Every structure is written in C-alpha cells, then in structure tokens.
Amino acid sequence: MSRPSFSVKGLHVLISGGCGGIGSAFAKAFIAHGASVTVTDLQPPSESLSALGVAYHQLDVTNDEAVEALAKKIDRLDVLIHCAGKLIRWEEHDPKVFRNIVDIHLFGNVRLAAAFRPHLKAGKGCMINIGSMYSYFGAPQIPAYASAKTAIVGLTKSLAIAYAEDGIRVNAIAPGWINTQISRRGRENPEFNAKVLARLPAGKWAEPEELAGTALFLASPASHLINGVTIPVDGGYVAS
Ligand SMILES: NC(=O)c1ccc[n+]([C@@H]2O[C@H](COP(=O)([O-])OP(=O)(O)OC[C@H]3O[C@@H](n4cnc5c(N)ncnc54)[C@H](O)[C@@H]3O)[C@@H](O)[C@H]2O)c1
C-alpha cells in the first residue's frame, strides 16, 4: 500500500438522529471534508445544518416500513451512522419504556443495517455504530439504555464478521461525556456531574465536534484494517 488516504471526499453518508448534537456535528464535519450527507431524524435539521445543503428525511428508526421505504429512495450509500438516541431516567425500569429505548438504539441499528446492506455492499462501504460509556458500565437510572449500548458492542463485532464477505466494515464509537441534549439532565445534576468530573482525566465534558475526527477516520481508507471494534472517545474515562 502507498501512503494512507484519510479522505472521505465524494462519499455518501447517511446519519440517523442526524439533527441531534452528535449527528449534526458529524454531518458538518463530513460536508467540510467533501462528502455528501443525508440526515434522518424525528425533528428537522437546524438552519446552520440546512444551509450546508444536507438532504433531510423524517424517519422514526423504530418503524420497519419507514426504514425500508427510505432505503428504496436512496441510490447510493458509502457510510451509515446510527446516531438516533433517547434515554428516560428511572422510567426505563418499566418494561414498555425499556422496550422502546432498546428499539431505538439496538433494533434501530439492526433495521438500518439490514435495509442498507445492499447499498454498502455495492460501494464497499462501512457502518459506524454508537456505543457509550454505558457499553462498559451499568447504569441504575437508565437500564434499557445501558443494555442497548452494551449490546451495540456485540452487534458491531457480529455484523463486522457477517458483512466482511460483502466488503463492508462495521465499527463503533463509544462517546464519553458530551455536551448535547441527551446528557443535559445529568450535566445539570451537581452530584452526578461531580462524580463524572472526578473520574475524567480530560477534566471537562466534550463538545460533539470533538468526536468527529474519529468518525472521519473510521470512514476513510486509512482505517481499512479496523473492523469490529468499539473505540472509546472519552477523554480517558474508561482508562481511569
Ligand atoms: N451526549 C452524550 O454524552 C453521549 C454519550 C454517549 C453516547 N451518546 C449517544 O450518541 C448518540 C447521539 O446522541 P446525542 O448526544 O447527539 O443526543 P441528542 O439528543 O442531541 O440527539 C439524539 C437525536 O436522536 C433523535 N431520535 C430520538 N428518537 C428517535 C427515533 N425514534 N427515530 C429517529 N431519531 C430519533 C432525536 O430527535 C435527536 O435529534 C445517541 O446514540 C446517544 O446515546 C451520547
């Protein structure tokens, strides 16, 4: 191999939950590096994201038919990123709520993977799943979220092996403590926030843009040997 290429120029990227904090930051980073981006979400993109020319489709990732219908509308896809997510503190002990949270994070991931596998196969593309610090630790307030995020690690390994015959790579990013809507209540709880900061070598919550370099790398040819792994991007939290 000659010099490694870190380019994502010309790639077509689809980001579920792409109008949220991390999804939007990923969308902007891929566009800045010459990729074209489609975002899907329950909510529309911000003005700043729309202004960059992203395509937007409203999509509930828990809806089988809607995911399949979207896959029929999209001709080409090189990078699939599942960023849609939700958590509901304490209520996740109710089995109905538990089911919904797992449906979004885990089954949503499976639905998108199955629907877009043919597209990714055609372009020898890749998937980037999203884990969490709760891929590694239990979470008494959000047991469904933690279960789904732990399962994402296994799903990522399993799909990496299964899809290798199609030339598709499957990896995941496990973000640390990121300043977005989903984590707002934890951040604003002084006791919880103090516990996080006490263990966090980086010493501060990160901005979603700080994860984007890892996503670009995982989508680029330079990472072609990386497959089936979940990479903590966490300011050193799991190491400490
Ligand atoms: N922020 C953090 O600290 C952190 C840490 C670890 C992992 N994560 C994960 O990163 C991913 C992105 O989260 P974020 O931090 O950007 O949060 P966010 O709340 O800003 O974004 C989540 C997005 O998912 C969308 N969504 C929720 N339910 C959906 C559904 N059924 N169908 C489609 N879209 C739906 C929301 O509308 C929202 O735009 C999630 O998987 C989250 O669990 C976040």
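Here are the numbers:
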quantity	calculated
Euclidean distance of C-alpha centroids, the range 53-112 and the range 172-231, integer Å	20 Å
GNM flexibility winner over the chain from I142, I128, I81 (Cα, springs under 10 Å)	I142
The range 74-146, accessible area per residue, ligands and nucleic acids excluded (1.4 Å, Å²)	43 Å²
Solution diffusion estimate, µm²/s, Stokes-Einstein, the range 52-132, Kirkwood Rh from C-alpha pairs, 4 °C, viscosity 1.567 mPa s	94 µm²/s
Cross-link table K9/K124; K86/K149; K124/K157; K9/K121; K86/K124, entries beyond 23 Å C-alpha to C-alpha	K86/K124
Calculated Rg and Dmax of the chain using C-alpha coordinates, Å	17.0, 54
Potential extension, R76-K124 segment - 0.36 nm per residue separation minus Cα distance	16.2 nm
Carbon + sulfur, % of accessible area of the range 80-119 - ligands and nucleic acids excluded, 1.4 Å	62 percent
GNM result for the chain, Cα springs below 10 Å: residue of W90, W177, W205 fluctuating most strongly	W90
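The values are calculated or read from the model by the stated rules, or taken from the named source; none is laboratory data. For clarity, every value in this text was computed on a predicted model and none was experimentally measured. Note: accessible area is taken over every heavy atom of the protein model, side chains too, but ligands, DNA and RNA are not part of it. Shrake-Rupley method; radii C 1.70, N 1.55, O 1.52, S 1.80 Å.
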